[in-house]
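The structure appears right after this line, and notes come after that.
The values are calculated or read from the model by the stated rules, or taken from the named source; none is laboratory data. Note that this is a predicted model, so its numbers are computed, not measured. Here the Cβ positions follow ideal geometry from the backbone for every residue, glycine too, while neighbour counts run over all protein chains shown. We work out accessible area using only protein heavy atoms, side chains counted, and drop any ligands, DNA or RNA first. Shrake-Rupley method; radii C 1.70, N 1.55, O 1.52, S 1.80 Å.
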Amino acid sequence: MNVAPDIKTMPDLLRAQAKQSPDQPFVRFKDSTYTYGEFDRRTDELAAGLAELGVRDGDVVSVFLPNCLEFLEAWWAILKAGGVLGPVNPAYTGPEAGYVIGHSEAVALVTTAQDSETVTPERDKLKALR
């Protein structure tokens, strides 16, 4: 595969493909499909939100989600924000998830409202979370 010399990262590759073929399907999961353009826009929005939280290059962002499109979106948004994905097994209990999040020194957490209830009791121990 020939890659243009200006493409240095996976987000660069996504942006280039979104520009070239915005309406081409990029990802399908169950009954949902996102085109390159849609996925690029959605992940840009989440990356901007992460940046507003203060996520900087090299920061770990924990993702406490099941296998879903939102997990993929979070991963790409973290890459766009310069962060590092810190996956957390969605089957973990609060203390287990809290240990992984705390040990990784994650500065942010992407999860669902329901799963945030699992981690909330551990919040005081997660000093690096912004």
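Given the structure, is VAL61 touching a helix residue (DSSP H, G or I) at 6+ places or on another chain (Cβ under 7 Å), in a strand (DSSP E or B), under 18 Å from GLY82 (Cβ atoms) and among the hydrophobic types (A, V, I, L, M, F, W, C)?
The answer is yes for VAL61.
Just one of the listed residues (LEU53, LEU109, LEU79) is aliphatic (A, V, I, L, M) and within 24 Å of LYS8 (Cα to Cα), namely LEU79.
So which residues in region 16-54 are in contact with a helix residue (DSSP H, G or I) (Cβ under 6 Å, 6 or more places away or on another chain), over 12 Å from ALA77 (Cβ atoms) and either assigned to a helix (DSSP H, G or I) or among the acidic types (Asp, Glu) (or both)? GLN17, ALA18, TYR36, GLY37, listed by residue number.
Residue count for region 84-106 under the criterion of being open to solvent by less than 10 Å² (accessible area, probe 1.4 Å) and in a loop (DSSP other than H, G, I, E, B): the result is 2.
Among the residues making up region 1-38, those that are among the polar types (S, T, N, Q) and either open to solvent by less than 40 Å² (accessible area, probe 1.4 Å) or in contact (Cβ under 8 Å) with a residue 24 or more places away in the chain (or both) are THR9, SER21, SER32, THR35. Against the test of being touching a Phe, Trp or Tyr at 6+ places or on another chain (Cβ under 9 Å) and of a type in the set (Ser, Thr, Tyr), the options THR43, THR9 yield a single qualifying residue, THR43. The residues of region 50-66 that are in contact (Cβ under 8 Å) with a residue 24 or more places away in the chain, at negative phi and open to solvent by 20 Å² or more (accessible area, probe 1.4 Å), listed by number, are ALA51, LEU53, ARG56, ASP57, ASP59, VAL60, PRO66.
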